[in-house]
Every structure is written in C-alpha cells, then in structure tokens.
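S.K.: The structure under discussion is supplied below as structure tokens; questions concerning it will follow.
The values are calculated or read from the model by the stated rules, or taken from the named source; none is laboratory data. Just so you know, these numbers come straight off a predicted model, no measurement behind them. Cβ atoms come from the backbone with ideal geometry, glycine included; neighbour counts cover every protein chain shown. Note: areas computed on protein heavy atoms with side chains; ligands, DNA, RNA excluded. Shrake-Rupley method; radii C 1.70, N 1.55, O 1.52, S 1.80 Å.
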Amino acid sequence: MLDIKEVAQNVYMLKIPVPINVDAVNLYLFAGEVPTLLDAGTNTPDVIEAVHEGMKKVGIKKLEQVLVTHWHVDHAGAANTFAQEGAQVYVSSRDHHEWASFVHGQAFSRLNDWATQEWGVPEIEIPGMLKISKRLQHLTALPNQVTFIEPEQTIMAGNDLLRIISTPGHTAGHLSFYNEKDGLLFSGDMLLPDEIPYPGIWQEEGRVVSGMPSYLESLKNIAALQTKVYLPGHGLPGENLIERCLEIKEQLYQQMTEHCPADTVYLSASNYGDQRIHPGVLFVKLHYIYGWEQLKREAG
Ligand SMILES: [Zn+2]
C-alpha cells in the first residue's frame, strides 16, 4: 500500500522503499499551479509506479518539474524517467557534475585514487568497494537536459515559493528547499532525524577535502533560518530543527574528540586491519573518519 501523507497544504510526503541499504526514501509531491516532485527515488519500476499512484491520488496529471536535493541514486535516480514524461529536472551544477561522473564511470577511478592515496586502503579492499558502488549505477540515469539551480534563487513548487539553500556536506552541491512563508525546510539528506549523513569527499581548488567542515557550516546556516519543521529525505518530519542541528553538531565533536587516529584512515576504519569488514561498512566509516580528522586539523 502506498504510504502517502499530506504534510502541508497541497504537499504530500511519499515514503517509498528503495532497493538499497537505507530506510525508505521520502519524496514530496506538490499539487497546485506547478505540479512538482521533490526528489525522485531510484530508477526502478516499483518506485516509478508508486510516484504515478501518488500523483493520481493527489490529482496531478502531469509533473512539470523534478527538484533534486542531491545526486545520490535514492534521490535523483528516477529523475530521467520523469523527464521523459515531460518534467524539467532542476539540480545544482556541482551535483550534476558528480552525477554525470558516476553515470559515466569516472567516479570509480577517482574513488580508487582517493581510497589508496588519501585513506591508505590496501589494493585487496578496492574491488569490493568498487563493486558495491558500481552495483548502484543501474539505479540511476542522467537526463539529457537539466536546468541548473543555484543557492538563493527561488522556484515555484505547487502553490509555494521555495528558496534554494546551499547545504553542502553529504555531497558537494547538496541543496535544501525552504518554504519561508510556512516555515518548512525540505532538507534532503542534509538533516535527518535518526542519523548523521556520512560526509562526502570531493576536490576543491585542486585539493581533496572531506565534506565534514562544510556540513557543520550548513548546519549553522539552516539553524539560522529560525524555522522549526524540517521534511527530511529519510525518516519522519521533525519539529525541532534547531535542536536537531545542535545535537548533531555535539555528536560530531564528541566523535572527533574520541577518535584516536591510526597511521592511516583505513587502519582506523578497519580496527587496525585485524579483521576484514564488509566493504559497504568500510566505505561509510572511511568517510566519517576522514571527516573527523579534517576537523581536528582545522581545529589545530
Ligand atoms: Zn538518501
């Protein structure tokens, strides 16, 4: 049965299971003047069918646009399918770049370089990590044409004006969408009620950086919006945005303080290499530890 709930006037949250190792993903349908889908789910038949069913339920005949919070497969995956049905896809240029590099495969050689050079991951672990990542490739497709949206622009969705807020950290070009009038923030994976999204890794001015420092900055920026309610990409809507931001910040600093660096990020992540751990778990741990270490360096 379709899990759909009106979360604001003419705005509906669809909770849809996706074939990857996460909680169901939340997609949002905006009925009204500009029929809109915010985040698209994986490019799989069940997800697409569920969106179509949701559209029917709320009286949307045709989607005019899809807004993408970030390029990951559970959020942007099916955007191309809806584009082929006539919707315009909006995404940040930065995340579009990452999305394309994932679809076209350059992302994998980059992951290989970062894993070996930045994290000290031994060759033997690389194929496992790449295999998991590559398995996700068929869950997404890049639209032929997208429209770039950038921070501080506004866009209509349904009957609501949304302001675009730059919230990098989990990805380099992650966006959140803010309905200022009603005090609602569509936070994607930037702010989640039950977990802290793993920080991304990317290149900035020729250097490889962790997304962790940007993530903390993003937390500060959205807390300053002085709004309460956030509608996340996973989990239930939260009515304590500012408290949640503070809680996450405290947890991250706590983890950073408790973290004892080993010789390499890999050795920390793998419990000093004593036991092989699942490559998916390893992948996520490497990102966190790299983030804590970058924070430590910045804190001096
Ligand atoms: Zn997600």
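S.K.: For the stretch 92-116, enumerate the residues that are in contact (Cβ under 8 Å) with a residue 60 or more places away in the chain and not basic (Lys, Arg).
M.R.: Answer for the stretch 92-116, where residues must be in contact (Cβ under 8 Å) with a residue 60 or more places away in the chain and not basic (Lys, Arg): Ser92, Ser93, Asp95, His96, His97, Glu98, Trp114, Ala115.
S.K.: A further question follows. Restricting attention to the stretch 167-203, which residues are among the polar types (S, T, N, Q) and surrounded by 18 or more Cβ atoms within 10 Å (Cβ to Cβ)?
M.R.: Thr167, Thr171, Ser176, Asn179, Ser187, listed by residue number.
S.K.: Then there's this: Within the stretch 235-269, can you find the residues that are part of a loop (DSSP other than H, G, I, E, B) and either without any contact (Cβ under 8 Å) to a residue 60 or more places away in the chain or touching a strand residue (DSSP E or B) at 6+ places or on another chain (Cβ under 6 Å) (or both)?
M.R.: Answer for the stretch 235-269, where residues must be part of a loop (DSSP other than H, G, I, E, B) and either without any contact (Cβ under 8 Å) to a residue 60 or more places away in the chain or touching a strand residue (DSSP E or B) at 6+ places or on another chain (Cβ under 6 Å) (or both): Leu236, Pro237, Glu239, Asn240, His259, Cys260, Pro261, Ala262.
S.K.: I need the full set of residues from the stretch 32-54 which are open to solvent by 10 Å² or more (accessible area, probe 1.4 Å) and not charged (D, E, K, R), in order please.
M.R.: Applying the first criterion (open to solvent by 10 Å² or more (accessible area, probe 1.4 Å)) to the stretch 32-54 yields 32-35, 43-46, 48-50, 52-53.
Gly32, Val34, Pro35, Asn43, Thr44, Pro45, Ile48, Ala50, His52 - these are the residues of the stretch 32-54 that are open to solvent by 10 Å² or more (accessible area, probe 1.4 Å) and not charged (D, E, K, R).
S.K.: Pick from Gly238, Gly291, Gly206: which is under 30 Å from Gln106 (Cα atoms) and open to solvent by less than 20 Å² (accessible area, probe 1.4 Å)? Outline the logic, then answer.
M.R.: Details: Gly238 fails: under 30 Å from Gln106 (Cα atoms); Gly206 fails: open to solvent by less than 20 Å² (accessible area, probe 1.4 Å).
None of the other options fit; the residue is Gly291.
S.K.: Now for a separate question. In the set Ser101, Ser133, Ser93, Ser109, which member is farther than 28 Å from Val34 by Cα and at pLDDT 95 or above?
M.R.: Result: Ser101 is the single residue among Ser101, Ser133, Ser93, Ser109 that is farther than 28 Å from Val34 by Cα and at pLDDT 95 or above.
S.K.: Now for a separate question. I'd like to check which strands (runs of 3 or more DSSP E) are fully inside the stretch 119-206 and have at least 1 residues that are out of contact with any Phe, Trp or Tyr (no Cβ under 8 Å at 6 or more places or on another chain) and away from the ligand (no atom under 16 Å from the Cβ).
M.R.: Correct list: 154-157, 160-166, 201-204.
S.K.: Need pairs with beta-carbon distance below 6 Å; first residue in contact (Cβ under 8 Å) with a residue 12 or more places away in the chain and within the stretch 17-28, second open to solvent by 80 Å² or more (accessible area, probe 1.4 Å); sequence gap 6+ or separate chains.
M.R.: Qualifying pairs under 6 Å: Ala24/Pro17.
S.K.: Okay, moving on. Could you say whether any residue in the stretch 258-281 is open to solvent by 40 Å² or more (accessible area, probe 1.4 Å), of a type in the set (D, E, K, R) and under 21 Å from the mean Cα position of the chain (by Cα)?
M.R.: No - not one qualifying residue is present in the stretch 258-281.
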